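Asker: Here it is, the structure in full.
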Amino acid sequence: MSEASCEFPLSNANGAEIGEILDSSKTIAVVGLSDKPDRDSNRVARYLREHGYVVIPVNPALAEAMGTRCYPDLASIPPDIAIDVVDIFRKPEFIPAIVDEAIARGAKAVWMQLGLAHNAAAEKARAAGLRVVMDRCIKVEHMRHTAGA
């Protein structure tokens, strides 16, 4: 990611809030999930699945990832599937549209992976009642949280 496209989070979830998100969530939609095992998105998704989360792959270029049906966008996920967290592995310019989809789907949180932050989209998500984590890796935060539990 170029430095010009990177924002610094003006407001972010603290450790306690991150722990609450991780503890209360069951289903995580991973937007930008790659089918390549060496990619961060794939490693993180596998880790989450191994630790009891339901992972929903979202990538318009894939029909399947990690042996699971892949959806082109959040709106295509069946409405009876509740999404707790939308974990974003996309370039910053895509974040506002993904946040809009997360709000429309009734997600409880949006999580922008390490190196990603979009303050305007984060404020919009918070105004809609979602929790927001920016520029943090959900895998690293889960490991930190469970180590301290």
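Asker: So, in nm, how far is label Arg39 from label Thr27 when the simple model puts each one 7 Å beyond its Cα toward the Cβ?
Answerer: Here the modelled spin labels are 2.3 nm apart.
Asker: Follow-up question, since we're still on this one. How much length, in nm to one decimal, is gained on full extension between Glu123 and Arg69, taken as 0.36 nm per residue of separation minus their Cα-Cα distance?
Answerer: Length gained between Glu123 and Arg69: 16.3 nm.
Asker: Residue by residue through segment 65-81, which ³J(HN,Hα) values in whole Hz follow from phi under the Karplus form 6.51 cos²θ - 1.76 cosθ + 1.60 (θ = phi - 60°), with glycine and proline marked x?
Answerer: Along segment 65-81, the couplings run 8, 6, x, 10, 4, 9, 9, x, 7, 5, 5, 7, 6, x, x, 7, 8 Hz.
Asker: Please figure out what share of the DSSP beta bridges in the chain is antiparallel and state it in percent, rounded to the nearest 5.
Answerer: Roughly 10 percent of the beta bridges in the chain run antiparallel, per DSSP.
Asker: Here's something else I'd like to know. Using θ = phi - 60° and the Karplus curve 6.51 cos²θ - 1.76 cosθ + 1.60, what whole-Hz ³J(HN,Hα) does each residue of segment 124-131 get, with Gly and Pro shown as x?
Answerer: Once θ is set to phi - 60°, the couplings for segment 124-131 become 4, 5, 4, 4, 8, x, 8, 7 Hz.
Asker: Separate question: How far apart, in nm, are the 7 Å Cα→Cβ label points at Phe94 and Asn14?
Answerer: That separation, rounded to one decimal, is 3.3 nm.
Asker: If you plug each phi of segment 15-25 into the Karplus form 6.51 cos²θ - 1.76 cosθ + 1.60 with θ = phi - 60°, what whole-Hz ³J(HN,Hα) values come out, in order, with x for Gly and Pro?
Answerer: Result, ordered by residue: x, 5, 5, 4, x, 5, 4, 5, 6, 8, 9 Hz.
Asker: Rounded if a/c is under 1.5, else prolate if a/b is larger than b/c, else oblate: which is segment 62-132, with a ≥ b ≥ c the root eigenvalues of its Cα gyration tensor?
Answerer: Oblate, since a/c reaches 1.5 and b/c is not below a/b.
Asker: Now a separate question. Listed highest first by mean packing, meaning other Cβ atoms within 10 Å per residue, what order do 22-35, 62-75, 43-56 come in?
Answerer: For the peptides 22-35, 62-75, 43-56, the packing ranking is 22-35, 43-56, 62-75.
Asker: Next up: Tally the DSSP beta bridges in segment 1-80 and give the antiparallel ones as a percent, rounded to 5.
Answerer: 25 percent
Asker: Counting only residues 5 or more places away or on other chains, whose amide H sits under 5 Å from the amide H of Leu33 once H atoms are built in the peptide plane?
Answerer: Residues meeting the criterion, in which the H sits 1.01 Å from N, are Val58.
Asker: Next question, about the same structure. Using a Gaussian network for the chain with springs between C-alpha atoms less than 10 Å apart, which of these wobbles most: Lys124, Lys108, Lys36?
Answerer: Highest fluctuation of the listed residues: Lys36.
Asker: Taking the Cβ of Ile95 as the centre, find all other residues whose Cβ is under 11 Å away and add up their charges (Lys, Arg: +1; Asp, Glu: -1).
Answerer: -1
Asker: Arg136's amide H: which non-local residues (gap 5+, or another chain) put their own amide H closer than 5 Å, with H modeled 1.01 Å from N in plane and none for Pro or chain starts?
Answerer: Answer set, sorted by chain and number: Met112, Leu114, Gly115, Leu116.
Bear in mind that the values in this text are calculations on the coordinates, not laboratory data. As the structure is a computational prediction, the values presented were derived from the model and not from experiment. Please note: Cβ atoms are built from the backbone with ideal geometry, for glycine as well, and neighbour counts cover all protein chains shown.
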